[in-house]
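S.K.: Encoded as C-alpha cells, here's the structure I'll be asking about.
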Amino acid sequence: MYVSSSYSAISQLTFNVADKQALYAANPTDYSKGADPTTLAGDNIFSDGYAYQMATLTPNSTNDGYDSYLEVTVRGNGTTGMGNIEKENAKQFLLGQNFPNPYVSETVIPVELVHPAEVTLTFYDLQGRNVASVVKPNLAPGRHDVPIDLKALGLSAGNYACQIVVKNSDGIFQDFKMMTAAQ
C-alpha cells in the first residue's frame, strides 16, 4: 500500500475462514487441493493478528466471480523523517481528504495551492488502472474544493486512489489519497 513517496506498508490479506472454506468446497475443480488446512492464528503469517487484514468475499453473479473489499488503516501516532518530496510538496500544495468520506456518488477534494498552478486529479481503480482524470488549468493560490461526480466521469461507485499532479513555475509535484465508497 502506498502511503507516501518515502513510506509504504506491505501486508498480507486474508478472508473470513468460513467463507473461504465454503468457496473451496463449492468449486472443487478450481481448488483441487481442498480446504485450507490451517487457521489464521495457526498459519504463522497472521499469528500476530489479522483484524486489520480481513477482507470480505462476496459472490458476483455478473461475472461469476467474487468481489473483495478491504479497508486499510495505517495505525500509529505520526511519522518522523518523511522524505524531502513531502517537504517540497508542502511548499507547493496541500491535498486534503475528500468529503464526504465514505461517499456515495459525489465527493469534494480539497486542494490548497501556494502558487498559481495547473492541477490534474487522476483516479485509479484498485487494480491500478487509470480510469478517469479531471484537469483544472490556471488555478489561483488558495483553497479550492474540486467537486467529483463519479457518474459524470463514467465511474461506478467504488474505492479509488486519487493522484494529484500540480504543475507550476517551480516544477511538477504529486501526491496520492484513497477515496472510499459507502457500502
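The values are calculated or read from the model by the stated rules, or taken from the named source; none is laboratory data. None of the values given here were measured: they were computed from a predicted structure. Here Cβ is always computed from backbone atoms with ideal geometry, including for glycine, and neighbour counts include all displayed protein chains.
S.K.: Counting residues that are of a type in the set (A, V, I, L, M, F, W, C), which strands (runs of 3 or more DSSP E) fully inside the range 104-183 reach at least 3?
M.R.: 106-113, 117-124, 130-139, 160-168, 171-179
A quick yes/no check of all residues on (1) surrounded by 16 or more Cβ atoms within 10 Å (Cβ to Cβ); (2) of a type in the set (Lys, Arg):
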residue: His144; (1), (2): yes, no
residue: Pro147; (1), (2): no, no
residue: Lys151; (1), (2): no, yes
residue: Cys162; (1), (2): yes, no
residue: Lys167; (1), (2): no, yes
residue: Ile172; (1), (2): no, no
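S.K.: OK, next. Identify, by number, the condition in (1) in contact with a Ser or Thr (Cβ under 9 Å, 6 or more places away or on another chain); (2) surrounded by 17 or more Cβ atoms within 10 Å (Cβ to Cβ); (3) aromatic (Phe, Trp, Tyr) that Phe176 doesn't meet.
M.R.: So the condition that Phe176 fails would be (2).
S.K.: Check the range 140-150 and report whether any residue there is modelled with pLDDT of 90 or more and basic (Lys, Arg).
M.R.: yes
Per-residue answers, yes or no, for (1) under 18 Å from the mean Cα position of the chain (by Cα); (2) over 23 Å from Ser169 (Cβ atoms); (3) modelled with pLDDT under 70; (4) surrounded by 15 or more Cβ atoms within 10 Å (Cβ to Cβ):
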position	(1), (2), (3), (4)
Ala35	no, yes, no, no
Phe46	no, yes, yes, yes
Ala55	yes, yes, no, yes
Asn60	no, yes, no, no
Asp67	yes, yes, no, no
Thr122	yes, no, no, yes
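S.K.: Can we say Tyr103 is surrounded by 13 or more Cβ atoms within 10 Å (Cβ to Cβ), under 21 Å from the mean Cα position of the chain (by Cα), under 20 Å from Thr180 (Cα atoms) and at pLDDT 75 or above?
M.R.: Here the answer is yes, as Tyr103 does meet what is asked.
S.K.: On to the next question. Here are some conditions: (1) in a loop (DSSP other than H, G, I, E, B); (2) closer than 30 Å to Ala140 by Cα; (3) modelled with pLDDT of 65 or more. Met82 meets all but one. Which one does it not meet?
M.R.: Of everything listed in (1) in a loop (DSSP other than H, G, I, E, B); (2) closer than 30 Å to Ala140 by Cα; (3) modelled with pLDDT of 65 or more, Met82 misses just condition (3).
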